[in-house]
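The values are calculated or read from the model by the stated rules, or taken from the named source; none is laboratory data. Predicted model only: the values in this text are computed from it and were never measured. Cβ placement follows ideal geometry from the backbone for every residue including glycine, while neighbour counts extend to all protein chains displayed.
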Amino acid sequence: MFRKTWFADFNLLLVALIWGSTFVIVQKAIAFLEPYSFNSVRFSIAAITLLLIIFLFNRSSLSHFSDRSIWISGIILGFWLFLGYGFQTVGLLYTTSSKAGFITGLSVVLVPLFSYLLLRNKLSWQVGISSIIAVIGLYLLTIHNNLSLNVGDGYVLLCAISFALHIVFTGKFASSYNAICLTIIQLVTVAVFSFITAIMIEDWQQMFTAQLVRQPEVISALLITSFFATALAFLAQTHFQSFTTPARVALIFAMEPVFAALTAYIMLNERLGSKSLLGCGLILLGMILSEIRFNKKLIKRKQKEWDLT
């Protein structure tokens, strides 16, 4: 069992590495192909990939698509996922990859807050403290002399909120439906919403221009994000989470912004100042603290010792 848990944690760490490294890759691609056009192609390829996997290896799962409720749940989840990736991709036009990675990671702290507000799940003291720490870190990372958010940082913050709501509603719906089918519906929803948005605000014909799509930056970004960072990453997460605990998964995924900053340093030579580095550290501390589960018996024992003294 220990080996299975270790193997699962290692693979989930690879998923976090893939997600973190895509910030730089997407940032390069959207210099050629506009954000929502890019996302419509990316998520279409990812959805088709998972459909092919089901068709080739598990055709019996196709029967789940006849359930009307799974479509409603999948569309709701896909809507929040669409907003998350949309805001993130647009934000990358105006901010750095390292900052985008850390701000997106703030969704780990926002999840318990939204769970309390929307689902009335219990909110612990440590969540409140970790949220304050993370907000201070966000301030140090994104606020500079003009005491205002960079427009790109604002978009990425909206992305973090959207991802947090997506996680909250996934927790509500996921246990009731087939995971792969629910994921496919989400991906299709993101692709459709992205395509509609591209038609309204972008030069959407670009995604059908062979010369543009054949650009090395666009091809590499589509291959990596569609197959690895979207289709296979979601599939790996669904499979390997059964061998480990949610708290450990959250801690592993907290490494995503660290990988984003490391990738930005290696590929783009992006450097953060001391104030920004401190902000990054506080955000990471807040994410980790929000997921630590303290031993209740030990806390009660300490309280009794204090009462006796």
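Quick notes
- Selection status of S44, touching a helix residue (DSSP H, G or I) at 6+ places or on another chain (Cβ under 9 Å) and closer than 24 Å to I103 by Cβ: no
- Count - residues of segment 193-230 that are of a type in the set (S, T, Y), buried (at least 21 other Cβ atoms within 10 Å of the Cβ) and at pLDDT below 85: 0
- Candidates I184, I199, filtered to the one that is among the hydrophobic types (A, V, I, L, M, F, W, C) and in contact (Cβ under 8 Å) with a residue 60 or more places away in the chain: I184
- Exclusive hit being among the small types (G, A, S) and over 20 Å from E34 (Cβ atoms), set S194, S220, S131, S162: S131
- In segment 33-64, residue farthest from W80 (Cα to Cα) [restricted to those that are touching a residue at least 12 places away in the same chain (Cβ under 8 Å) and among the charged types (D, E, K, R)]: E34
- Meets criteria (at pLDDT 90 or above, of a type outside the set (D, E, K, R) and surrounded by 21 or more Cβ atoms within 10 Å (Cβ to Cβ)) for S44: no
- Any hit, segment 70-85, residues being in contact with a Cys (Cβ under 7 Å, 6 or more places away or on another chain) and assigned to a helix (DSSP H, G or I): yes
- The set of residues in segment 86-99 that are over 14 Å from the mean Cα position of the chain (by Cα), of a type in the set (V, I, T) and assigned to a helix (DSSP H, G or I) contains only V90.
- Residue check, I70 over 23 Å from G105 (Cα atoms) and in contact with a Leu (Cβ under 7 Å, 6 or more places away or on another chain): yes
- Boolean, L93 is of a type outside the set (F, W, Y) and touching a Leu at 6+ places or on another chain (Cβ under 9 Å): no
- The set of residues in segment 173-192 being of a type outside the set (A, V, I, L, M, F, W, C), more than 16 Å from the chain's Cα centre (by Cα), assigned to a helix (DSSP H, G or I) and modelled with pLDDT of 80 or more consists of S176, T189.
- Selection from segment 202-222 of residues that are free of Cβ contacts under 8 Å to residues at least 60 places away in the same chain and among the hydrophobic types (A, V, I, L, M, F, W, C): F208, A210, I219
- Of all the numbered requirements in (1) exposed (fewer than 14 other Cβ atoms within 10 Å of the Cβ); (2) at pLDDT 75 or above, A247 misses one, and that requirement is (2).
- Sole residue being outside any helix (DSSP H, G or I) and crowded, with 18+ Cβ neighbours inside 10 Å, chosen from L33, L50, L12: L33
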